[in-house]
Structure formats: structure tokens, C-alpha cells
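This report concerns only the one structure given below.
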Amino acid sequence: MKDVGFKKGMGVSVSEMEEAFAAEIRDTNPFREKRRYVVEDRKNHKPIGELTYGNLDMKRKSCGIGIKICDISLQGKGLGQETLVAFMKYLCEKFQLDIIEIDTLKDNERAYKLYKKLGFQEVKTVENFWTDPEGESHDLVFMELKKEVFYKSFNLE
């Protein structure tokens, strides 16, 4: 979590995470405003990270997404891109989305480069958005990707 300002972790216990996931699993509403998914390694089916969508807006046909590949040994191997492409395609089809939004701290260079590679465009930067537990200030970059650009870039349909 150091790339998002938590150099010493987030201070969340395993049992707290398990309860949060269990509460989400119990909620069966298919059009919830937000939902979290576990990312598994395809070879051994171990959890390696998480995906989220939030701020689902059916009128605007948009939602925000997030990703974490938490297993450090698997970071930088293209799994983030592969996972995001599949996730965004799933969300576009499930909810007939036209816009996908994402944000990142400006100093999270790996995430920023990945999002640009996927076709996301900057729409807004908020300076000094957040001060981390170490007292360092971070800017937040908001980005969006239009479905037609995404589908064309990855030859989807």
C-alpha cells in the first residue's frame, strides 16, 4: 500500500477484511452502487488482489473502478492490465456503461502509466488532496475512459 500513501500498511486486520467481504457477499442486489471482487491467480487460485467498482450511475451510464494487486511478487507482470481489461469489459456489458472512471495519486507512477496505456484521459487534478500518515501531501488525478475508445483500442465487441 506504499504506492497509495500507506508506507506501513493500512492497519486493517484479516478478520476485519473477512467481515467486510462477508457483508458484501450477503448483499445480493445486482445493481448495488459498489461491489468488491477478489482477484485470483489462475494457476493456484490464491487471492492476489482486489477489484472494485463504485459510484454506479445508471443514468449517466458510468462507474468508478479500482484495482490492487497485493501480492508484491506478482506486481509488474502485466496482471493489472489483463485484469482491468476483463473487468472493464464485464462492467460495460453488465451495466451498459459508456464511461469508466478511475483515480490515482499523482505520485503513483505505475498506476498512472497503466491507466494511460489503457486509454484513460485525465479530467481533473486536485492538488494536496490527501495527507498520508507520514505527513506527506498527495495530489489526486481523476481519469476517465469512454467505452468506444476502450473497445476500439482492445478490438472488443
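The values are calculated or read from the model by the stated rules, or taken from the named source; none is laboratory data. Keep in mind that this is a model prediction, so the values were computed, not measured. For neighbour counting, all protein chains shown are included, and Cβ atoms are generated from backbone atoms with ideal geometry for every residue, glycine included.
Does at least one position in the range 148-156 carry a residue that is touching a residue at least 12 places away in the same chain (Cβ under 8 Å) and at positive phi?
no
Working only within the range 104-127, note down all residues that are more than 21 Å from Phe154 (Cβ to Cβ) and at pLDDT below 95.
Leu105, Lys106, Asp107, Asn108, Glu109
Tell me yes or no: at least one residue of the range 118-133 is of a type outside the set (Val, Ile, Thr), surrounded by 12 or more Cβ atoms within 10 Å (Cβ to Cβ), over 14 Å from Ile102 (Cα atoms) and in contact with a helix residue (DSSP H, G or I) (Cβ under 9 Å, 6 or more places away or on another chain).
yes
Which ones in the range 70-82 are in contact with a Gly (Cβ under 9 Å, 6 or more places away or on another chain), surrounded by fewer than 18 Cβ atoms within 10 Å (Cβ to Cβ) and either among the charged types (D, E, K, R) or closer than 14 Å to Tyr115 by Cβ (or both)?
The one that is in contact with a Gly (Cβ under 9 Å, 6 or more places away or on another chain), surrounded by fewer than 18 Cβ atoms within 10 Å (Cβ to Cβ) and either among the charged types (D, E, K, R) or closer than 14 Å to Tyr115 by Cβ (or both): Asp71.
Could you tell me whether Cys92 is in a helix (DSSP H, G or I) and in contact with a helix residue (DSSP H, G or I) (Cβ under 7 Å, 6 or more places away or on another chain)?
yes
Restricting to the range 95-134, give me the number of residues that are within 21 Å of Ile48 (Cα to Cα) and in a loop (DSSP other than H, G, I, E, B).
1
What's the total number of residues in the range 135-157 that are under 20 Å from Gly54 (Cβ atoms) and aliphatic (A, V, I, L, M)?
Total meeting the criteria: 4.
I need a count of the residues in the range 93-117 that are of a type in the set (A, V, I, L, M, F, W, C) and surrounded by fewer than 20 Cβ atoms within 10 Å (Cβ to Cβ).
Of the residues in that region, 4 qualify.
Assess whether Val85 counts as being of a type in the set (A, V, I, L, M, F, W, C), surrounded by fewer than 16 Cβ atoms within 10 Å (Cβ to Cβ) and within 17 Å of Glu144 (Cα to Cα).
Answer is yes for this residue.
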